[in-house]
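Novice: Quick one: the structure is below, questions incoming.
The values are calculated or read from the model by the stated rules, or taken from the named source; none is laboratory data. As the structure is a computational prediction, the values presented were derived from the model and not from experiment. Reconstructed Cβ throughout: ideal geometry from the backbone, glycine too, with neighbour counts over all protein chains shown. Please note that ligands, DNA and RNA were not included when accessible areas were found on the heavy atoms of the full protein model with its side chains. Shrake-Rupley method; radii C 1.70, N 1.55, O 1.52, S 1.80 Å.
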Amino acid sequence: MEIIIQPNPGVATSLAARLLGKTIREKPEAVLGLATGGTMEALYRELVAAKLDWSGVTTFNLDEYVGLPPDHPQSYHHFMRENLFRHVNVPPGRINIPDGQAANIPGECEAYEGKLFAVGGIDVQLLGIGTDGHIGFNEQTSSLASRTRIKTLTPQTRKDNARFFGSEAQVPHHVITMGIGTILESRHCVMLAFGAGKAKAIALAVEGPITSMNPASALQLHPKVTVFMDEAAAANLTLKDYYRWVYDQKPDWQKI
Ligand code: PGA
């Protein structure tokens, strides 16, 4: 796992945007796994400003709330449209987000996995991390082999996301999320974590045991993971000086 600690979220976000931009330039037909949440807003702003050509890119989002229509202001369809898709030239037919209103949810989840398989999998998967260590909406005790499916949100996640909905009561209880097994099949996982609220989850994900009690720790099993974080999110890492040293020693060809 490559740990990149930067002085503040802005610098870390710019580096992550550069990595994504490089992916799209080098592979115009790239398949990107996209994430939502507060952490991603600045990243998408930078990607929009970079004026990249998205005409060959295919996207798959990690998750969606069950029951919210695509035009609901808190749906992830809406989030993606407002923060990214309406500003770039990605063809609508290449955008994939789970349908939270599907009448047959297991069927929708299976079809989503089928679409991912058909395009040959994800080149770069963006990830945020929940304060409880979730990735996508794979809450604690999610199977580390899980596939796209329905999940019930924990009270902690509903509390964390209440800030977007106005009140906790309005946060849906259920979501469709790619599984941890699905995420681990991406060729490169790129996680972003900012702020003191993420410090505990990050320390457990990077340096803790691999356990479904911290779903992000499953990334330790993946051969190519890059984690961008600020000093606050890095605060509890035992080896943070080592990670900084490794980053400073990187040969030029490995630099982002
Ligand atoms: P956040 O969410 O970016 O809003 O902190 C991250 C997550 O829950 O995955």
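Novice: With respect to the numbered conditions (1) part of a helix (DSSP H, G or I); (2) at positive phi, which one is the sole condition not fulfilled by K51?
Specialist: Going through (1) part of a helix (DSSP H, G or I); (2) at positive phi one by one, K51 breaks only (1).
Novice: Is there a residue in region 71-92 that is out of contact with any Lys or Arg (no Cβ under 9 Å at 6 or more places or on another chain) and touching a residue at least 60 places away in the same chain (Cβ under 8 Å)?
Specialist: Yes - at least one qualifying residue is present in region 71-92.
Novice: If L19 meets every condition in (1) part of a helix (DSSP H, G or I); (2) closer than 21 Å to I97 by Cα apart from one, which number is that one?
Specialist: (2)
For every residue, the table says whether it meets (1) within 23 Å of N96 (Cα to Cα); (2) of a type outside the set (S, T, N, Q).
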position	(1), (2)
L116	yes, yes
Q125	yes, no
P155	no, yes
R163	no, yes
V171	yes, yes
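Novice: Okay, moving on. Any chance region 224-237 includes a residue that's of a type outside the set (V, I, T) and more than 23 Å from G10 (Cβ to Cβ)?
Specialist: Yes; the residues of region 224-237 include at least one that is of a type outside the set (V, I, T) and more than 23 Å from G10 (Cβ to Cβ).
Novice: When you go through (1) buried (at least 23 other Cβ atoms within 10 Å of the Cβ); (2) within 19 Å of K115 (Cα to Cα) one by one for L43, which number turns out not to apply?
Specialist: Result: L43 passes all but (2).
Novice: Given the condition within 20 Å of V190 (Cβ to Cβ), assigned to a strand (DSSP E or B) and open to solvent by 30 Å² or more (accessible area, probe 1.4 Å), answer yes or no: does some residue in region 85-99 qualify?
Specialist: Yes, there is a match, as at least one residue in region 85-99 is within 20 Å of V190 (Cβ to Cβ), assigned to a strand (DSSP E or B) and open to solvent by 30 Å² or more (accessible area, probe 1.4 Å).
Novice: Any residue in region 18-41 that's in contact (Cβ under 8 Å) with a residue 24 or more places away in the chain: show its pairings with residues that are part of a loop (DSSP other than H, G, I, E, B) and among the hydroxyl-bearing types (S, T, Y) at Cβ separation under 7 Å, as long as the two are six or more apart or on different chains.
Specialist: Between residues of region 18-41 that are in contact (Cβ under 8 Å) with a residue 24 or more places away in the chain and residues that are part of a loop (DSSP other than H, G, I, E, B) and among the hydroxyl-bearing types (S, T, Y), the close pairs are G33/S186.
Novice: Do any residues in region 125-144 that are at pLDDT below 95 have Cβ atoms under 8 Å from those of residues that are buried (at least 24 other Cβ atoms within 10 Å of the Cβ) and in a loop (DSSP other than H, G, I, E, B), where the two are at least six apart or on different chains, and which pairs are they?
Specialist: That search, which allows pairs on different chains as well, returns nothing.
Novice: Given the conditions (1) under 22 Å from Y243 (Cβ atoms); (2) within 16 Å of the ligand (Cβ to nearest atom); (3) not hydroxyl-bearing (S, T, Y), and given that V11 satisfies all but one, which numbered condition is not satisfied?
Specialist: Result: V11 passes all but (2).
Novice: Quick one: count up the residues across region 100-113 that are open to solvent by 40 Å² or more (accessible area, probe 1.4 Å) and without any contact (Cβ under 8 Å) to a residue 24 or more places away in the chain.
Specialist: 3
Novice: Moving on to the next point. Among the residues of region 114-152, write down those that are away from the ligand (no atom under 12 Å from the Cβ), among the polar types (S, T, N, Q) and farther than 13 Å from G33 by Cβ.
Specialist: Answer for region 114-152, where residues must be away from the ligand (no atom under 12 Å from the Cβ), among the polar types (S, T, N, Q) and farther than 13 Å from G33 by Cβ: Q140, T141, S142, S143, S146, T152.
Novice: Could you please give the count of residues in region 187-211 that are touching a residue at least 60 places away in the same chain (Cβ under 8 Å), within 16 Å of the ligand (Cβ to nearest atom) and either surrounded by fewer than 22 Cβ atoms within 10 Å (Cβ to Cβ) or farther than 22 Å from S14 by Cβ (or both)?
Specialist: Within region 187-211, residues that are touching a residue at least 60 places away in the same chain (Cβ under 8 Å), within 16 Å of the ligand (Cβ to nearest atom) and either surrounded by fewer than 22 Cβ atoms within 10 Å (Cβ to Cβ) or farther than 22 Å from S14 by Cβ (or both) number 6.
Novice: I want to confirm something. Restricting to region 21-42 and keeping residues that are within 16 Å of the ligand (Cβ to nearest atom) and not β-branched (V, I, T), which single residue is farthest from the chain's Cα centre (by Cα)?
Specialist: Step one: list which residues in region 21-42 are within 16 Å of the ligand (Cβ to nearest atom), which gives 33-42.
From what's left, not β-branched (V, I, T): 33-35, 37-38, 40-42.
Working: G33: 7, L34: 6, A35: 4, G37: 9, G38: 11, M40: 8, E41: 12, A42: 13 Å.
Looking at the filtered set, the residue picked out is A42.
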